[in-house]
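Working notes for the structure below.
The values are calculated or read from the model by the stated rules, or taken from the named source; none is laboratory data. Just so it is clear, the structure is predicted and the values come from calculations on it, not from any experiment. Don't worry about glycine lacking a Cβ; one is built from the backbone with ideal geometry, like all the others, and counts go over all protein chains shown.
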Amino acid sequence: MAMSSRLGDQGRRPVRSVAAVMLAALLALLAAFGPLPPAAAPPAFAQEAAPTDDLPVFDTHLHYSQDAWGLFSAQDILTLMDQAGVYKALVSSTPDDGTLTLYQLAPDRIIPILRPYRARTDMATWTQDATVLAYVEERLATGVYRGLGEFHLYTGESPNRVPRRFADLSAEYGLFLHAHSDATAVSELLALRSDARILWAHAGMSATPAQIDALLARAPHLWVELALRSDVAPGGRLDPAWADLFARYPDRFMIGTDTWIPSRWPQLPRLMADVRGWLRQLPRDLAERMASGNAEALFGR
Ligand SMILES: [Zn+2]
């Protein structure tokens, strides 16, 4: 109704003089383009630099572990994040000091996640180690952590004492469990408590879109990040099965990089450019959610 009456009004508009029409067009042009551009040409790199401003990324899987400290200062890490267009990140490290150093430098950009690994040797034994639990609970009391992980949890380990307590801590304090587990192991972790929140690292590394779909359908507290999943876009082309999955669960997927070895850090800008390459093949709204919106909804702006 409103539309047709507006059109009707337009139809009754009086015919304007040619001069008035030309003046209106000139004014519209000035309004559209603003004042004249400065004489200097824009810098040649402007076009290449633009993509980092497009689709800024909230990275949900970074580590600043001991082997990187001597190569990249905390300030270097922030500079690499800037170059990659990563404005915010979940960070964990072995030992935890790397995470805290970054957090102290940029508390508005770094969201600390606490690993149960005081040293790499804990990786094999943490699920049954009571001293790991004591360490984790003591650190959690500082209140800076938003999650526990990234930890490696294998099939059959979820009933062990530390993962069981982690599920309780997650449910009680809203902590995210950042789990590097295959589809079977993550379904065992999900079975501990339906109200624990799980951020599934690497989408299970080898889990298929169909397996991920089945888990997402029955677990509303499961979110998925895609670090190291080159099968999402082989050769840069977004795989249709993954694209369908993202569209079916627009609020459950996030971007992650995983700087698990120091050489990943200088690659961050290129890796993020690759990610943007396939994100742009999705509808814009979905790409923005995956790049940043979903992580912001869970962890804040
Ligand atoms: Zn990792």
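Scanning the range 240-268 for residues that are under 19 Å from LEU71 (Cα atoms) and within 16 Å of the ligand (Cβ to nearest atom) yields THR257, ASP258, THR259, TRP260, ILE261, PRO262, SER263, ARG264, TRP265, GLN267, LEU268. Listed conditions (1) at pLDDT below 95; (2) surrounded by 13 or more Cβ atoms within 10 Å (Cβ to Cβ) are all met by GLN66, apart from (1). Of all residue pairs spaced 6 or more apart or on separate chains, those with beta-carbon atoms under 6 Å, a first member in the range 130-143 that is under 13 Å from PRO95 (Cβ atoms) and a second member that is at pLDDT 95 or above and not charged (D, E, K, R) are VAL132/PRO116; VAL132/TRP126; VAL132/VAL162; VAL136/PRO116; ARG139/LEU114. Here TYR145 meets the list (1) within 15 Å of the ligand (Cβ to nearest atom); (2) under 20 Å from ASN294 (Cα atoms); (3) not in a helix (DSSP H, G or I); (4) not charged (D, E, K, R) almost entirely, failing just condition (1).
Residues in the range 246-301 that are outside any loop (DSSP other than H, G, I, E, B) and of a type in the set (Val, Ile, Thr): VAL275 only.
Among ALA214, ALA210, ALA185, ALA141, which is the only one that is under 21 Å from GLY256 (Cα atoms), surrounded by fewer than 16 Cβ atoms within 10 Å (Cβ to Cβ) and of a type in the set (A, V, I, L, M)?
Exactly one residue qualifies, and that residue is ALA210.
For the range 217-239, the count of residues that are assigned to a helix (DSSP H, G or I), within 16 Å of the ligand (Cβ to nearest atom), under 30 Å from ARG120 (Cβ atoms) and aromatic (Phe, Trp, Tyr) is zero. Is one or more of the residues making up the range 109-128 without any contact (Cβ under 8 Å) to a residue 24 or more places away in the chain, away from the ligand (no atom under 15 Å from the Cβ) and under 23 Å from PHE253 (Cα atoms)? Taking every residue of the range 109-128 in turn, at least one turns out to be without any contact (Cβ under 8 Å) to a residue 24 or more places away in the chain, away from the ligand (no atom under 15 Å from the Cβ) and under 23 Å from PHE253 (Cα atoms).
Here ASP82, ASP108 are screened, and the one residue that is loosely packed, with under 15 Cβ neighbours inside 10 Å and either outside any helix (DSSP H, G or I) or modelled with pLDDT under 95 (or both) is ASP108.
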